Amino acid sequence: AFEELFLLQLSVLKERAKLMQKQAPSCKMNVELMKEFAKSLPFQLTDSQRKCSYQILKDLEKSAPMSRLLEGDVGSGKTVVATMAALNTVKCGYQVAFMAPTEILAKQHFKSVAEMLKNFNISIGLLTGKESKILRDKKVFDTKKQTLLEDLKNGQIDILIGTHSLIQKGVEFKGLALVILDEQHRFGVDQRAELTRGRN
């Protein structure tokens with residue numbers, strides 16, 4: 001059992017070392033923006049949410065890729081923490097991908113993230129196998145998939161939320177800097193890597 005755990009740990013450390021050799025966009029934490037976001041919420045952030053957000057935002061300042069697992073019970077506020085990181089990334093001039101394992105979850109995230117960011121002038125896209133929507137100027141409208149993909153490629157969509165559709169052929173970001181995976185254990189290793197492979 002010790003040998004198995006030892007080899008597993010070595011494998012994890014090897015992958016981490018490979019990851020650290022890669023370059024990632026550095027995104028400075030905008031403290032005032034984060035305070036403004038926290039004040040806009042209809043509830044107060046918990047100490048754990050503040051701590052996790054701070055650690056993630058500090059990691060995003062580094063030029064090496066971040067790889068974090070955010071754990072918590074249902075309703076513990078993981079989406080709020082993820083949204084803070086997404087907001088900071090977008091205001092640094094980059095794009096964010098938010099992938100969920102089912103259409104229902106993707107739609108829920110689209111709705112909740114849109115609500116939290118309604119006063120921050122962020123454009124959000126929803127892409128699933130069945131529908132494509134865009135939130136822009138506080139209005140949500142249905143759009144053709146091709147139109148959404150063109151807007152994404154041109155950098156006119158800040159956050160794209162969706163299912164496995166995000167890793168299909170033709171989905172190109174102009175400046176992807178943050179990938180958020182909800183229930184990441186439900187995606188394969190290759191699926192998770194696909195979002196960061198060959199992106200600008």
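The values are calculated or read from the model by the stated rules, or taken from the named source; none is laboratory data. Source: prediction; values computed, not measured. Here Cβ is always computed from backbone atoms with ideal geometry, including for glycine, and neighbour counts include all displayed protein chains. Remember, those area values only see protein heavy atoms, side chains included, never the ligands or the DNA or RNA. Shrake-Rupley method; radii C 1.70, N 1.55, O 1.52, S 1.80 Å.
Across the cross-link table entries Lys58/Lys169; Lys145/Lys169; Lys35/Lys78; Lys144/Lys169; Lys78/Lys174; Lys118/Lys145, which are compared at the Cα atoms, the separations over 21 Å belong to Lys58/Lys169; Lys78/Lys174; Lys118/Lys145.
With a ≥ b ≥ c the root eigenvalues of the C-alpha gyration tensor of segment 30-113, is it rounded (a/c under 1.5), prolate (a/b larger than b/c) or oblate?
Details: a/c = 1.38, a/b = 1.15, b/c = 1.21.
Rounded, since a/c falls under 1.5.
Of Leu181, Leu8, Leu176, the residue with the largest accessible area leads and the full order is Leu8, Leu181, Leu176 (1.4 Å probe). 3J(HN,Hα) along segment 120-134: 10, 6, 10, 9, 10, x, 10, 9, 10, x, 9, 8, 9, 9, 9 Hz, from the Karplus curve 6.51 cos²θ - 1.76 cosθ + 1.60 with θ = phi - 60°, whole Hz, x for Gly and Pro. From the convex hull of the Cα coordinates of the chain, what is the mean projected area in square nanometres? The Cα convex hull of the chain, projected and averaged over all directions, gives 11.9 nm².
Only protein heavy atoms count here; on that basis, with a 1.4 Å probe, Glu131 has an accessible area of about 40 Å². Listed by chain and number, the aspartates and glutamates whose C-alpha is less than 17 Å from the C-alpha of Lys22, apart from same-chain residues fewer than 8 away, are Asp59, Glu61, Glu194.
Given axes a ≥ b ≥ c from the Cα gyration tensor, I'd like to know whether segment 76-156 is rounded (a/c under 1.5), prolate (a/b larger than b/c) or oblate. Oblate is the answer for segment 76-156, as a/c is 1.5 or above yet b/c matches or exceeds a/b.
For Lys133, a cut-off of 19 angstrom between C-alpha atoms picks up these aspartates and glutamates, skipping any fewer than 8 places away in its own chain: Glu103, Glu115, Asp142, Glu150, Asp151, Asp158, Glu172.
Computing Rg and the Kirkwood Rh from the Cα coordinates of segment 1-49 gives a ratio, Rg/Rh, of 1.29. Annotation: amide H-H contacts under 5 Å for Ser132 (H modelled 1.01 Å from N, sequence separation of 5 or more, or interchain): Thr143.
Taking label positions 7 Å along the Cα-Cβ direction at both Phe43 and Lys22, the computed distance is 3.3 nm, reported to one decimal.
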